Amino acid sequence: MRLYEMTAAELSRRLQSREVSSAEVVRSFLERIDEVDPYLRAFITRTPDLALKSAGEIDSRRMRGETLHPLAGVPIAVKDNISTLALRTTCASRILENYIPPFDATVVAALKKAGMPILGKTNLDEFAMGSSTENSAFFPTRNPWDPGRVPGGSSGGSVVAVATGMAPLALGSDTGGSIRQPASLCGVTGLRPTYGRVSRYGLVAFASSLDQIGTVSTTALDGALLMNLIAGYDPLDSTSLPEEVPDYRAGLEPGLEKLRVGLIRYGRVDGFDPEVTEAVNKAASMLEEHGAKVGEVSLPLTDYGLSAYYLIAPSEASSNLGRYDGVRYGFCADGDSIEAMFSRTRGEGFGAEVKRRIMIGTYALSAGYYDAYYLKAMKVRTLIRRDYEKAFKKFDLLLGAASPTPAFKLGEKTEDPLQMYLSDVCNITDSLAGVPSLAVPGGFHSSGLPLGLQLTARPMQEKLLLKTGRFFEEQRAEYPLRPSLDFLEERGGGYEI
Amino acid sequence: MPFDFGKEVDHVARLARLSLEEDEKERMAGQLSDILKTARRIQELDTTGIEPTSHVTERPAVLREDRVRPSLPLDKALRNAPRREKGFVKVPRITVSEQDQK
Amino acid sequence: MKYEIIIGLEIHLELLTASKLFCGCSTAFGREPNTNCCPVCLGLPGSLPVFNRRAIELAVTAALALNSEIRLWSRFDRKNYFYPDLPKAYQVSQYDQPLARGGYLEVDVAVGKRRINLERVHLEEEAGKLVHAGDSIIGSGYSLVDYNRAGIPLLEIVTAPEMHSGREARLFLEDLRTVLLYAGVSDCKMEEGSLRCDANISLRPEGSSILGTKAEVKNMNSFRSVELALDYEVQRQEKVLSGGGSVVQETCHWDEENKQTITLRGKEGSSDYRYFPEPDLLPLVLENTFVEDLGRSLPELPSERRERLREQYGLEKEEAFLLTANRELGDFFEKAAKAYPVYDNLFNWVQGDLLYQLRENDKKVEEIDPNLLAGLLQLLDEGSINRPVAKELLAEMVQSGADPKEMVRERGLERISGRDRLLPLVEQVIAENPEAVENYRQGKNKALAFLVGKVMAATKGRADPAELNRLLKEKI
C-alpha cells in the first residue's frame, strides 16, 4: 500500500513510530497530485515547496525527541476560502485572484502549530456559492468516479483531493451543504460541525449565520482526529462556542443499543433518485439489525426551508460581499469616478452565480421588501429549529440522504439555477437549525457512482455522528472507497483541461 | 400574476453596485423572477407570534478587555491595495452627490 | 407670515477607549496613516468583530449622564452602503434596538432652564478618513483614505426636534459637551473630530402642527458654525417659503469660508441602508448590577454641581456656572475653599486674577496647587502683604509653581505698615515733592496718587496704598 493510500490515523502511527518520515509522506502525496490533478483540477494553488519545508522541520523536531501533536507531519489540503498568511486566497473568484492575506485563519494557525504541512489551496464554487464547483472562475473540478460529472460543491476541490489520495485530510466549509453534498457525490466522509464549534475567523464570509468550517476525510476516525485539532473556542470569533472540546475519538467503538434513530421523511419526494431512497432505507435496516431503534420522523418544512435559505444566505452574502469594491484589495476596474469604479469592479470581478445571489439578497433586504422576505425567512427558520427540537425529543440521530441524486453531469444544471439549488434540499435545514451533520458513504448507484448518507444530531453531538459513521464503515466490505481513475490511462481521451 | 423582476433589475443592480450588460440584465431578470417566486412560498406559512432567528447561538455577546494590540505594519496593511500614495489608499474622485448618501 | 423653527441635532462622539470597538488597534489620534489597522478594522475577508467592554461601559455611562433609559438587551445591525472610507461596505450600528432610549439635557438659557429631550443614544463604529486632493470634496481629482479612524467606538445621540434657534442649538451643544466631559466618556474635541454634529431644520407657519420639510445640514466644524449655519438656513428657508415655493428635502453642506450652505442635489429618495441584524455579533445583554455600578460611579454632573456650589458656597448663578463650565476649575475652587473658606473673596480671585494669569501663561488650572492660592489669600488677609504684591506673587505662582509664603520670606516682601514706619517716608516724600503737594491742595486728586506712588516706590511696593492715602492726606 502506498503512503498516499493510507488514512491520516495510519500515517500518524507510522510517523510517530518513525517507520516513515514526514518528507516521505509529503512526497508521496505530491507525486499523487502531479499524477492526478492535471485531470481533475482539485487545486487552485499547489505549495509543494512549503509543504516539504514544513515536513522537514517536523522530521528534525521528531529526531530531536520532541513530543509532537498526533497529526504532526500529516499533510492536509485547505479550501481556498480559508485565509492563509502570505499565500494567495482566491475564493475561486477573479475579484480575489491575487489577494494575499496578511494573516492565517484560526484553524490554519492550529494546523501550522500542530505541524501539518499544507499541500495547497483547493478549488470551490466562487465564494462558496454553488453545488457543483462549476462556478469557480478558474476551472471546474471533476468527479473522480466519472470525470464527465461534477464532484458537487462548493467544497469540490477538497473532496476530490481526499477521494483520490491527493491529500489524506482536507478542510472544507459548509453553509448549505457544501461539505456534505460533495462528500456524498465522491464517496468520502464530510462533517459539518455544530454552528460555532469551529472558529470562522479567517473563513471568507458567505452567509455568516450559516457558515462553518468542517472536515473532509476518508474515515470517521480521521475526521475525529482533525476535529480534535480545529474545534474549540476562539476569542476572535464572537459566535464561537465556549464549551470544552471532547476527544472525538472516544466513543468510536461500536455499540448502538439504545440509539434512537429517526428516518427522515422529507416534505417533498420528487427529484429523489429511487436508489438514493433505497440506500437510506438499507442503512436504517442495518442500524436496526445492530440494536438501534429506528422510527420515522418528518421534517415537513423542508422545502420551505429551501426557500428560506435562498433568502437568508444571499441576503447575508450581499452584505458580506459589499467590501469587494477594488479599494483596499482585489481586482480593481478603471473608472474615472468612484461610482464607476465600484460598479465595474464588481460587475467584471464577480461571476454570474455570485451576482445573482447578491441581487436576490439586496432585493430581499431592501426597503419595502425586508418584512416579506428576509424577516419572514428568519421566522421560518425559527419554525424549522422547532421542528428539530421536536424531532430530537424522540430521536438521538436523524438519518437521511446527503444528496437527492448521485453526481450529475457537468453543465447539466448550469443553465437553471433553481435546479442547482434543489441539490441542497437534504442539507439545508440542518444548516438553518445550526445542528451538526455528517455525510458518509452509503453504497453505490447502479451506475457505479457513490451515494451518501447523512446523519444529523443535536448540537455538540459530533461524537455520536462520528461513532455512527464508523459503524457504517465497518459494514462495508471495502473501505475507504477508492475510485479507479481508469481515465488516467486514456490520456488521449480529451480529459485534460 | 407572474412575478416580474425586470422592473427591479436596474434599481437593485444600482443598490448593489453591480454593472450589468444588457443581455445579463435580461437573463437575470428571468432567473431572479423564478427564484423569488419560489422563495415567496414562505408567505404560505403562518408565522404569527413567531420570533425571527437572527442567531442560532442563544447566548449573550462576548466582551473583550480594552487592551491595545499591535497593528499591522503599513506595508502589510496596504499590500493588496491597487492604488496607494504616501501611505494612503488612493481612489478616484468622489462626486458630492455620492457623499450625500452617507 | 411668522415661522416656527424646528431643529433636531444628531451628535457623534468618539469614546475614550484605548483600543477600537471591535479590535485591539490603538485609537490614538495623529498617527501616520494606516498604521493603526488590522484585518478586523480593515474589513479584510474572513475578519470578525469582538466587542470592547470599555466602549460599552462608556456608552452606558454617557446614556446615564443624559438621563436615558438603558435597555438591558440591545442588538447591533448592519447599515449597508458603499463609500471608500467604509471598509466592510457596512457600518455596524444599532437600528431598532438601541442601547438607550429617551433622555434629556437641561440647558441653562437666559430665562431659566429648557429641557431638550433626546430620542436615543446608541453605539456604532467610526469610518475611516478621506483626504481630498484640492481643498474640498467638490471638484477633486482623487482622494486619499486613511483607515486609522475606522473602527473607533462612536456614540450617536439623537435629540428630539425641540430647538428653535441656532443659538439654542449652540447652547445645547456646549452643555452637552460639558456633561460628557464630566462623565469622562470622550474628550469632545470638534477640532480633532472626536465630536461631530449634524442638524435637521425645518420651518412651519406659526400655529401649524404639521412639520415642514426638513433639510439636513452637515460639515459644521465648531459650535459657532452650527449656530451660523442654522441661522443661515432659517433665512434661506424663509425666503423660499415666503416666495411661495416649498423646501426640498435635501442635504446641505456648510461652507465655512463663504458662510453659506450649499445644497448637494443627491439622488431622488433617501438612501436604502438595508438594515438587518449583525450576524457576527450576539445581542448585548447587560446585567442590572453592571448598569447600577456605572450609575453609582458617575461623577457629580454639571447641573447638580451648580446647585450644590450655590448652596454650599453661597454663589450666584453665573458664578456657579463659571465654576462648572470647566470641571477642573470647580475642583480647584473646592480644594482651595477647604483651606481658605472665605468663599466670595476666593471666587473673585479665581475668576479675576487666576484665570487671567492662566491665560497669559498658557497654563491649565489643573497644573496649579489650590493650597498655594489659599495660602496667598491668607497672607493678604493677615495683612502680611499688600494687594499689589499679592497680584505679583499670583503671577509667579502660576508661571513657576512657586509657593507665595516662601517667596515672601525669601525676598522680604512683608507689608510695611504702621505710622512709625511709614510716617518718616511720607514726610520725606512730601518734602521732596512740593509741586505735587501744592497741586493736591489745589484740588488735583491725581497728585495724591502720584505721591502715593512715590512712597510705594520708596517701600519697594510693600506699603498698603490705602494706608498711605490716609497718612498723606493727614500730613498735607
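Taking the options A:LEU453, A:LEU488, name whichever one is aliphatic (A, V, I, L, M) and over 19 Å from A:THR189 (Cβ atoms).
A:LEU488
Is segment C:126-140 home to any residue that is among the acidic types (Asp, Glu), crowded, with 22+ Cβ neighbours inside 10 Å, farther than 19 Å from C:THR17 by Cβ and at pLDDT 90 or above?
No, segment C:126-140 contains no residue that is among the acidic types (Asp, Glu), crowded, with 22+ Cβ neighbours inside 10 Å, farther than 19 Å from C:THR17 by Cβ and at pLDDT 90 or above.
Evaluate the following for C:LEU13: is it buried (at least 22 other Cβ atoms within 10 Å of the Cβ) and in contact with a Lys or Arg (Cβ under 9 Å, 6 or more places away or on another chain)?
Judged against the criteria, C:LEU13 is a match.
Can you list residue pairs whose Cβ atoms sit under 9 Å apart, with the first residue in segment C:120-131 being within 14 Å of chain B (Cβ to nearest Cβ) and more than 19 Å from C:GLY43 (Cα to Cα) and the second being surrounded by fewer than 24 Cβ atoms within 10 Å (Cβ to Cβ) and polar (S, T, N, Q)? Count only pairs 6 or more apart in sequence or on different chains.
From segment C:120-131, the pairs are C:VAL131/C:SER143.
May I ask you to say which residue of A:PHE395, A:PHE408, A:PHE444 is farther than 24 Å from A:ARG356 by Cβ, away from every other protein chain (no Cβ under 14 Å) and buried (at least 19 other Cβ atoms within 10 Å of the Cβ)?
A:PHE395
Please find, among C:GLY193, C:GLY166, the residue that is more than 23 Å from C:GLU126 (Cα to Cα) and either free of Cβ contacts under 8 Å to residues at least 40 places away in the same chain or out of contact with any Cys (no Cβ under 7 Å at 6 or more places or on another chain) (or both).
The conditions single out C:GLY166.
For segment A:360-369, does any single residue satisfy the condition of being more than 29 Å from the chain's Cα centre (by Cα) and facing another protein chain (nearest Cβ under 7 Å)?
Scanning segment A:360-369, I find at least one residue that is more than 29 Å from the chain's Cα centre (by Cα) and facing another protein chain (nearest Cβ under 7 Å), so the answer is yes.
For segment A:256-282, which residues satisfy the criterion of being assigned to a loop (DSSP other than H, G, I, E, B) and in contact (Cβ under 8 Å) with a residue 60 or more places away in the chain?
A:LEU256, A:LEU259, A:ARG268, A:GLY271, A:PHE272, A:ASP273
Among the numbered criteria (1) in a loop (DSSP other than H, G, I, E, B); (2) buried (at least 16 other Cβ atoms within 10 Å of the Cβ), which single criterion is violated by C:GLY245?
Checking C:GLY245 against (1) in a loop (DSSP other than H, G, I, E, B); (2) buried (at least 16 other Cβ atoms within 10 Å of the Cβ), the one that fails is (2).
Kindly indicate whether any position in segment A:142-165 is closer than 28 Å to A:THR302 by Cβ, polar (S, T, N, Q) and in a loop (DSSP other than H, G, I, E, B).
The answer is yes, given that some residue of segment A:142-165 is closer than 28 Å to A:THR302 by Cβ, polar (S, T, N, Q) and in a loop (DSSP other than H, G, I, E, B).
Say whether the condition of being of a type in the set (S, T, N, Q), touching a strand residue (DSSP E or B) at 6+ places or on another chain (Cβ under 7 Å) and over 19 Å from A:ASN135 (Cβ atoms) is met by at least one residue in segment A:83-95.
The answer is yes; a qualifying residue exists.
Suppose the filter is under 26 Å from the mean Cα position of the chain (by Cα), surrounded by 23 or more Cβ atoms within 10 Å (Cβ to Cβ) and not in a loop (DSSP other than H, G, I, E, B); does A:ALA377 pass it?
For A:ALA377, the condition - under 26 Å from the mean Cα position of the chain (by Cα), surrounded by 23 or more Cβ atoms within 10 Å (Cβ to Cβ) and not in a loop (DSSP other than H, G, I, E, B) - is met.
Might you let me know whether segment C:343-364 holds any residue that is among the polar types (S, T, N, Q), buried (at least 16 other Cβ atoms within 10 Å of the Cβ) and in contact (Cβ under 8 Å) with a residue 24 or more places away in the chain?
Within segment C:343-364, one or more residues are among the polar types (S, T, N, Q), buried (at least 16 other Cβ atoms within 10 Å of the Cβ) and in contact (Cβ under 8 Å) with a residue 24 or more places away in the chain.
Say we look at segment C:76-104 and pick out the residues that are over 21 Å from C:ALA127 (Cβ atoms) and modelled with pLDDT of 95 or more; which of these is nearest to the other protein chains (Cβ to nearest Cβ)?
So, considering only residues that are over 21 Å from C:ALA127 (Cβ atoms) and modelled with pLDDT of 95 or more, the one nearest to the other protein chains (Cβ to nearest Cβ) is C:GLN97.
Which one is nearest to A:ALA313 (Cα to Cα) among residues in segment A:108-129 that are in a loop (DSSP other than H, G, I, E, B) and more than 14 Å from chain B (Cβ to nearest Cβ)?
A:ASP125
Looking only at residues in segment B:36-60 that are aliphatic (A, V, I, L, M) and surrounded by 20 or more Cβ atoms within 10 Å (Cβ to Cβ), which one is farthest from the other protein chains (Cβ to nearest Cβ)?
Of everything passing the filter in segment B:36-60, B:LEU36 is farthest from the other protein chains (Cβ to nearest Cβ).
Condition check ((1) assigned to a strand (DSSP E or B); (2) at pLDDT 95 or above) across all residues:
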| site | (1), (2) |
| --- | --- |
| A:GLN419 | no, no |
| A:THR429 | no, yes |
| A:ALA439 | yes, yes |
| A:GLY452 | yes, yes |
| A:THR456 | yes, yes |
| A:GLU478 | no, no |
| A:LEU481 | no, no |
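Name the single residue, out of those in segment C:1-58 being of a type in the set (Asp, Glu) and more than 30 Å from C:GLY295 (Cα to Cα), that is modelled with the highest pLDDT.
Step by step, filter segment C:1-58, then rank; the result is C:GLU32.
Which of the residues that make up segment B:74-83 are under 21 Å from A:LEU85 (Cβ atoms) and more than 8 Å from chain C (Cβ to nearest Cβ)?
B:ASP75, B:LYS76, B:ARG79, B:ASN80, B:ALA81, B:PRO82
Conditions first: (1) within 19 Å of A:PRO75 (Cβ to Cβ); (2) in contact with a helix residue (DSSP H, G or I) (Cβ under 7 Å, 6 or more places away or on another chain); (3) part of a strand (DSSP E or B). A:GLY214 passes all but one, so which condition is the exception?
(2)
Just the residues that are within 7 Å of another protein chain (Cβ to nearest Cβ) and loosely packed, with under 15 Cβ neighbours inside 10 Å, please, taken from segment B:61-73.
Selection gives B:GLU65, B:ARG67, B:ARG69.
Taking the criterion of being surrounded by fewer than 24 Cβ atoms within 10 Å (Cβ to Cβ) and farther than 20 Å from A:LEU203 by Cα, would at least one residue in segment A:148-170 satisfy it?
Within segment A:148-170, one or more residues are surrounded by fewer than 24 Cβ atoms within 10 Å (Cβ to Cβ) and farther than 20 Å from A:LEU203 by Cα.
Answer yes or no as to whether C:ALA160 is more than 14 Å from every other protein chain (Cβ to nearest Cβ) and in contact with a strand residue (DSSP E or B) (Cβ under 9 Å, 6 or more places away or on another chain).
Spelling it out, C:ALA160 is indeed more than 14 Å from every other protein chain (Cβ to nearest Cβ) and in contact with a strand residue (DSSP E or B) (Cβ under 9 Å, 6 or more places away or on another chain).
For A:ASP334, indicate whether it is touching a Cys at 6+ places or on another chain (Cβ under 9 Å) and without any contact (Cβ under 8 Å) to a residue 24 or more places away in the chain.
So A:ASP334 does not fit the description; no.
Among residues belonging to segment C:262-290 that are at pLDDT 90 or above and in a strand (DSSP E or B), point out the one that is surrounded by the most Cβ atoms within 10 Å (Cβ to Cβ).
C:PHE276
Name the one entry in A:LEU236, A:LEU263, A:LEU229, A:LEU252 that is within 14 Å of chain C (Cβ to nearest Cβ) and surrounded by fewer than 24 Cβ atoms within 10 Å (Cβ to Cβ).
Just a single option satisfies the conditions, and that option is A:LEU236.
Specify which of the listed residues (A:THR189, A:THR175, A:THR164, A:THR215) is among the β-branched types (Val, Ile, Thr) and within 14 Å of another protein chain (Cβ to nearest Cβ).
A:THR175
Here's the yes/no breakdown for (1) assigned by TED's automatic domain parsing to the domain that holds C:GLU328; (2) under 21 Å from C:PHE333 (Cβ atoms); (3) among the basic types (Lys, Arg):
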{"position": "C:ASP353", "(1), (2), (3)": "yes, yes, no"}
{"position": "C:GLU366", "(1), (2), (3)": "yes, yes, no"}
{"position": "C:LEU372", "(1), (2), (3)": "yes, yes, no"}
{"position": "C:GLN378", "(1), (2), (3)": "yes, yes, no"}
{"position": "C:SER384", "(1), (2), (3)": "yes, no, no"}
{"position": "C:LYS405", "(1), (2), (3)": "yes, yes, yes"}
{"position": "C:PRO424", "(1), (2), (3)": "no, no, no"}
{"position": "C:ASN445", "(1), (2), (3)": "no, no, no"}
{"position": "C:PHE450", "(1), (2), (3)": "no, no, no"}
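The values are calculated or read from the model by the stated rules, or taken from the named source; none is laboratory data. Bear in mind the structure is a predicted one, so any value in this text is a computation, not a measurement. Glycine also receives a Cβ, built like all others from the backbone with ideal geometry; neighbour counts cover every protein chain displayed.
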